[in-house]
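I have placed the structure first, in the form of structure tokens, so that the comments after it can refer back to it.
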Amino acid sequence: MDTVPKFDFFPNVNRVSSRRTALHTAPQHRWHLGLTSPGLRVGSVVAITALFLGAGSVPAMAAPGDISNAAGQFISGTLVGQDLALVAALAGETATSDGITSQTNANNLDLTALGTVNIDIGGGVLVPLDLASAGVVYQFAQALNNASSRGSSGAVGSDGIIGTAPNAGVAPGPLTLDLSQVVANLGLPGIAELANLNLTVGAVAGSAAQAAPAAAVGGYNIASAQLTFTSPTIAGITGATATSTAAVQAQLDVLNADLTAALDAQFQLLDPLAITTLAVTAPDLAAVTAGLTTGTVTNIAFPGVSINLDTGEVTIDLDALTGGLNGLPPNTSILTPAVLTLIETSILGVLTGVTDSVQAAITAAVDATAITGDVSVLGVPILTVNTTVGALKVADTSGLVLAGVGLALPGGVASVLTALLPPITALQTTTDALSTDVLAPVLASLNPAISAVLGEALAIIVNNQSLVAGVFTETALRVTVLPNTSALALDLGTGQVGVNALAVAAGATALIPDNGPETGGTAVTVTGSGFTGATGLTVDGTSVPFVVVDDATITFTTPVHAPGLVDVVVVDPAGNSAPLGFTFTLVAQVITVTPNTGPEAGANTVTITGVCFTSATSLLFGATPATSFVVVNDTTITAVVPAGTGLVDVTVTGGGTCGTGTLPGAYTFLPAAAITGIVADNGPQTGGTTVVITGTGFTGTTDVTFNGTSVPSFTVDSDTQITVTTPAHAPGQVDVVVLSANGNSPPALFTFTPVTTATGVDPSSGPAVGGTTVTITGSCFTGATSVLFGGTAASFTVLSDTQIMATSPAGSSTVDVTVVGGGTCGTGILVGAFRYVPATVTTTTVTPPSFLASTGFGGMPIARFGVLLLLLAGVVLLIVRRRRDLLA
């Protein structure tokens, strides 16, 4: 068994406590470091041991008030937090000491009992964590009463030291994280090239230790970490190589025919006497390359990558690939862009070695192919051929011999070589392209997918170290799933120490800043010493939340407090700090804005009341500065409102330390009135029409006018409706305007229509029997439909829009004269306009004219005689016309 020397974990140190006047020397605590686990590297453990060597001093004897804390948990993180049952099964160990009692807690965590746990990360995506082979790991936490502690987990011994003898049970082994569903769910191009992505991690250990007041140190060890995935492109390389090999074989099989044809052409002048006879001994290239593209392949030039050509599975040993996972600086990322590129390059390098070996084997077999025969004339050889493909490729003509008439061949043997080279060159071109053709899909499909998919699916960081509020954490390996999105972390091998502190009274020296508004919320930093063991912080005697950043720094946020100077004290078991003064200052406050509404155009004046207005530097309505403002006194400002819209905050920026005061929703900009509709939009010139006006901004309406004339009455029904009664107005179209303090509306239109009126009747009387022709004067007579005398209709004629001639019907007494106009004119009535005059009875003797009374023939009056003559003449005319018609 390999061993290393034992080291003192806590060398002797001296310290002086505010509560101690003598120098104390604590007993030495020896932590033994040995190597028994084959999974841990000797060099790594020695390096880790060096991390735990002290700084040259040992803590003093334990005393009340010294504090130390430790924790150890092998598996933790937000990924396992998705499964509460798993969280419970993986609970770690903690220990704490108050300077009086030491505490050590540890356990053997048997991961094999958990088997495979399917962690649901949402969206139906499962991440199986296979713990079946992970064995037994140790979780250790020790807090001593002299302000020293150790926390560790993983492949550590019962003393919590990395690399010491493992505890009873199965030695720590690998655990596997299956990322297949994560990759499939990414939706990225090329995900099929990284199917079945798995991360397998060997024995892991992490440890943290601290002996206050020295800083905490951490160490870790990772036995191995491998990535595996299955690429269909790589799985197809064997078939692709066979296809390319067959292409070379096909050319090789016809080489005899091609060379024979070339020689026939060369000696065609002697045809048909010249006869070519060749033999090409073609090898079986499939047999030549058998076994070169099967099984698992590696390449010493590209360590860390092995590829199974039969299944397409790629295994990447991250330790070998990167040059080592141990001894790296804190928080080292493994899958960097450079490493992803290295993975791509290494995979291509291993595969290139395979295809190059195939190509080399084919080239060697082709080059060794023998070509024999001759060209003869009448049975006498004029060219003898005894060469190989390789010899011809390098222009070796020693196997080509001309004789007899062949010696007269123009160009001699060189011309024969020239004739034979084209099929040889074509064969070589196909052979040379084999590696490029086979690897082309790797370059096109696999390599681009590695960076794109692997970088999205996984991040690996080793030697994770953090110091937060005096607590130091060492995590050997952090695996983050989906680092660019949900970022679910799996932490392996975590040790934690702190807060650890000697019992030294707190000493506060400064507050930064030392003042802030009475409303609280000021972030304050307390500087000083002895803060590590602080148990409280008070502001004016009241405890407030605080954070111990380190032994010399505390932060807190001020509470709400009345203006004035108060004490700030750090509370510590070893002694409270002397008070430091903090001043709570007045803040600007906005209490009221009067009036709190106004036009969107602004320009109105408001009064703002509040606190701390003296020397105010700005006043905002929303985000817009007031047009102007005057600070009347510390509690009053008058301001001219700027233009704006809607409900806004009013903000006053006070002078000095007053800060900014805001009254939310303090002021409303009211829009100017706007009319969108008028119902009805017309009415008689006499007024009295009820009109409903719709629109916006009617709140605050002061008047409604028709052509500048105020309406007799109006009612603001809502911000969007007003009901008005029209005034009397001459006929015609007029503007309707809603007047508002927030701005008058643009005009809408209303039409006053004329009405029928009767203004005179001439004559104004007539007989009761009717028949009197009268002239009626007035307006809007055009299209009149009826004229009534009393209730009796009269015949009438419309002479013009202002005059009607009517014949009075029979009637009696004095009656109204009514004209019923057409369209919208309505009815016009002239009351008592016509008087019927009763008839007067008189006897009158009428003497006919003397000529009508004279007698004619036979004493017949002349008039009657004339009538008889006319009748007689008519009879004669009828007889004449009848006779004429008969003759015709």
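The values are calculated or read from the model by the stated rules, or taken from the named source; none is laboratory data. Here the structure is a predicted model, which means the values were calculated and not measured. Backbone-built Cβ (ideal geometry, glycine too); neighbour counts: all protein chains shown. Note: accessible area is taken over every heavy atom of the protein model, side chains too, but ligands, DNA and RNA are not part of it. Shrake-Rupley method; radii C 1.70, N 1.55, O 1.52, S 1.80 Å.
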Every residue in region 290-303 that is modelled with pLDDT of 90 or more and surrounded by 19 or more Cβ atoms within 10 Å (Cβ to Cβ), please. 302
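Do we have residue 516 as within 41 Å of the chain's Cα centre (by Cα), modelled with pLDDT of 90 or more and surrounded by fewer than 23 Cβ atoms within 10 Å (Cβ to Cβ) here?
Working: within 41 Å of the chain's Cα centre (by Cα): yes; modelled with pLDDT of 90 or more: no; surrounded by fewer than 23 Cβ atoms within 10 Å (Cβ to Cβ): yes.
No; evaluated as a whole, the condition is false for this residue.
How many of the residues in region 572-611 are open to solvent by less than 70 Å² (accessible area, probe 1.4 Å), assigned to a loop (DSSP other than H, G, I, E, B) and under 24 Å from residue 674 (Cβ atoms)?
Quick first cut of region 572-611, residues open to solvent by less than 70 Å² (accessible area, probe 1.4 Å) only: 572, 574-575, 577-578, 580-585, 587-588, 590, 592-593, 595, 597-600, 602, 604, 606-611.
Keeping just the survivors that are assigned to a loop (DSSP other than H, G, I, E, B) gives 572, 574-575, 577-578, 587-588, 595, 600, 602, 604.
Those left that are additionally under 24 Å from residue 674 (Cβ atoms): 595, 600, 602, 604.
Selection size over region 572-611: 4.
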Considering every residue within region 430-453, establish whether at least one is over 20 Å from residue 349 (Cβ atoms), part of a strand (DSSP E or B) and open to solvent by 30 Å² or more (accessible area, probe 1.4 Å). no
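Scan region 670-680 and give yes if some residue there is buried (at least 16 other Cβ atoms within 10 Å of the Cβ), outside any strand (DSSP E or B) and of a type in the set (Val, Ile, Thr), otherwise no.
no
Yes/no matrix, rows are residues, columns are (1) part of a helix (DSSP H, G or I); (2) more than 18 Å from residue 430 (Cβ to Cβ); (3) at pLDDT 90 or above; (4) open to solvent by 70 Å² or more (accessible area, probe 1.4 Å):
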{"site": "252", "(1), (2), (3), (4)": "yes, no, yes, no"}
{"site": "256", "(1), (2), (3), (4)": "yes, no, yes, no"}
{"site": "265", "(1), (2), (3), (4)": "yes, yes, no, no"}
{"site": "272", "(1), (2), (3), (4)": "no, yes, no, yes"}
{"site": "279", "(1), (2), (3), (4)": "no, yes, yes, no"}
{"site": "307", "(1), (2), (3), (4)": "no, yes, yes, no"}
{"site": "314", "(1), (2), (3), (4)": "no, yes, yes, no"}
{"site": "320", "(1), (2), (3), (4)": "yes, yes, yes, no"}
{"site": "328", "(1), (2), (3), (4)": "no, yes, yes, no"}
Looking only at region 408-440, count how many residues are without any contact (Cβ under 8 Å) to a residue 12 or more places away in the chain and aliphatic (A, V, I, L, M). 2
Answer yes or no as to whether residue 341 is hydroxyl-bearing (Ser, Thr, Tyr) and either out of contact with any Leu (no Cβ under 9 Å at 6 or more places or on another chain) or exposed (fewer than 14 other Cβ atoms within 10 Å of the Cβ) (or both). yes
So which strands (runs of 3 or more DSSP E) are wholly in region 64-156 and hold at least 2 residues that are over 38 Å from the mean Cα position of the chain (by Cα)? 68-76, 93-97, 103-110, 136-143, 148-154
So which residues in region 598-630 are over 17 Å from residue 663 (Cα atoms) and of a type in the set (A, V, I, L, M)? 601, 603, 630
Would you check which residues across region 636-648 are part of a strand (DSSP E or B) and closer than 26 Å to residue 744 by Cα and list them? 638, 639, 640, 646, 647, 648
For region 525-570, give me each residue that is at pLDDT below 95, within 24 Å of residue 501 (Cβ to Cβ) and not in a strand (DSSP E or B). 530, 531, 532, 533, 534, 535, 551, 552
Those residues of region 650-669 which are part of a strand (DSSP E or B) and more than 30 Å from residue 735 (Cα to Cα) amount to 650, 651, 652, 653, 660, 661, 662, 663, 664, 665, 666, 667
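Taking only region 377-394 into account, find how many residues are open to solvent by 20 Å² or more (accessible area, probe 1.4 Å) and either in contact with a Cys (Cβ under 7 Å, 6 or more places away or on another chain) or at pLDDT 90 or above (or both). Walk me through it before giving the result.
Within region 377-394, the first condition is being open to solvent by 20 Å² or more (accessible area, probe 1.4 Å), and the residues that meet it are 377-381, 384, 386, 388, 393-394.
Narrowing further to those that are either in contact with a Cys (Cβ under 7 Å, 6 or more places away or on another chain) or at pLDDT 90 or above (or both): 381, 384, 386, 388, 393-394.
Adding up the residues that qualify gives 6.
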Yes or no: residue 462 modelled with pLDDT under 90, of a type in the set (Val, Ile, Thr), under 34 Å from the mean Cα position of the chain (by Cα) and open to solvent by less than 50 Å² (accessible area, probe 1.4 Å)? no
Long-range neighbours under 7 Å by Cβ, at least six apart or interchain, first residue in contact (Cβ under 8 Å) with a residue 12 or more places away in the chain and more than 19 Å from residue 178 (Cβ to Cβ) within region 484-496, second in a strand (DSSP E or B) and β-branched (Val, Ile, Thr): 493/204; 493/475; 494/473; 494/475; 496/471; 496/473
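Take the residues of region 821-859 that are of a type in the set (A, V, I, L, M, F, W, C), out of contact with any Cys (no Cβ under 6 Å at 6 or more places or on another chain) and at pLDDT 50 or above: which is farthest from residue 754 (Cα to Cα)?
Residues of region 821-859 that are of a type in the set (A, V, I, L, M, F, W, C), as a first pass: 825, 829-831, 833-834, 837, 839, 841, 846, 851-853, 857.
Within this subset, residues satisfying the condition of being out of contact with any Cys (no Cβ under 6 Å at 6 or more places or on another chain) are 829-831, 833-834, 837, 839, 841, 846, 851-853, 857.
With at pLDDT 50 or above added as a condition, the list becomes 829-831, 833-834, 837, 839, 841.
Numbers: 829: 15, 830: 17, 831: 20, 833: 22, 834: 25, 837: 34, 839: 40, 841: 46 Å.
Among those that are of a type in the set (A, V, I, L, M, F, W, C), out of contact with any Cys (no Cβ under 6 Å at 6 or more places or on another chain) and at pLDDT 50 or above, it is 841.
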Residue check, residue 744 against (1) among the polar types (S, T, N, Q); (2) closer than 17 Å to residue 818 by Cβ; (3) open to solvent by 20 Å² or more (accessible area, probe 1.4 Å), all met but one. Which one? (2)
Can you find, within region 685-727, the residue that is nearest to the chain's Cα centre (by Cα) among those that are open to solvent by less than 30 Å² (accessible area, probe 1.4 Å) and under 24 Å from residue 779 (Cβ atoms)? 691
With respect to the numbered conditions (1) open to solvent by 30 Å² or more (accessible area, probe 1.4 Å); (2) under 26 Å from residue 443 (Cα atoms), which one is the sole condition not fulfilled by residue 231? (1)
I'm trying to understand the selection: among the residues of region 762-783, which are modelled with pLDDT of 90 or more, open to solvent by less than 20 Å² (accessible area, probe 1.4 Å) and among the hydrophobic types (A, V, I, L, M, F, W, C)? 774, 776, 780
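Report the residue count in region 499-553 for those that are β-branched (Val, Ile, Thr) and either under 19 Å from residue 149 (Cβ atoms) or touching a helix residue (DSSP H, G or I) at 6+ places or on another chain (Cβ under 9 Å) (or both).
Of all residues in region 499-553, those β-branched (Val, Ile, Thr) come to 499, 504, 509, 512, 519, 522, 524-527, 532, 535, 538-539, 542, 544, 547-549, 553.
Checking which are either under 19 Å from residue 149 (Cβ atoms) or touching a helix residue (DSSP H, G or I) at 6+ places or on another chain (Cβ under 9 Å) (or both) leaves us with 499, 504, 532, 535, 548.
Matching residues across region 499-553 total 5.
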For region 445-490, name all the residues that are of a type in the set (Val, Ile, Thr), within 30 Å of residue 531 (Cα to Cα) and touching a Ser or Thr at 6+ places or on another chain (Cβ under 6 Å). 473, 475
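Does at least one position in region 198-206 carry a residue that is outside any helix (DSSP H, G or I), free of Cβ contacts under 8 Å to residues at least 24 places away in the same chain and small (Gly, Ala, Ser)?
Start the filter on region 198-206 by keeping residues that are outside any helix (DSSP H, G or I), which leaves 198-206.
Restricting the remaining residues to those that are free of Cβ contacts under 8 Å to residues at least 24 places away in the same chain gives none.
No; the residues of region 198-206 include none that is outside any helix (DSSP H, G or I), free of Cβ contacts under 8 Å to residues at least 24 places away in the same chain and small (Gly, Ala, Ser).
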Those residues that are assigned to a loop (DSSP other than H, G, I, E, B), touching a residue at least 24 places away in the same chain (Cβ under 8 Å) and farther than 16 Å from residue 693 by Cα, I need them from region 733-771; list them, please. 741, 742, 743, 754, 755, 756, 764, 768, 769, 770, 771
Filtered residues of region 623-645 (kept if open to solvent by less than 30 Å² (accessible area, probe 1.4 Å) and small (Gly, Ala, Ser)): 626, 639, 644
Please work out which one of (1) part of a strand (DSSP E or B); (2) hydrophobic (A, V, I, L, M, F, W, C); (3) at pLDDT below 90 is the condition residue 698 fails and give its number. (1)
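Quick one: would you say residue 616 is crowded, with 18+ Cβ neighbours inside 10 Å and modelled with pLDDT under 95? Can you show your working first?
Values: crowded, with 18+ Cβ neighbours inside 10 Å: yes; modelled with pLDDT under 95: yes.
For residue 616, the condition - crowded, with 18+ Cβ neighbours inside 10 Å and modelled with pLDDT under 95 - is met.
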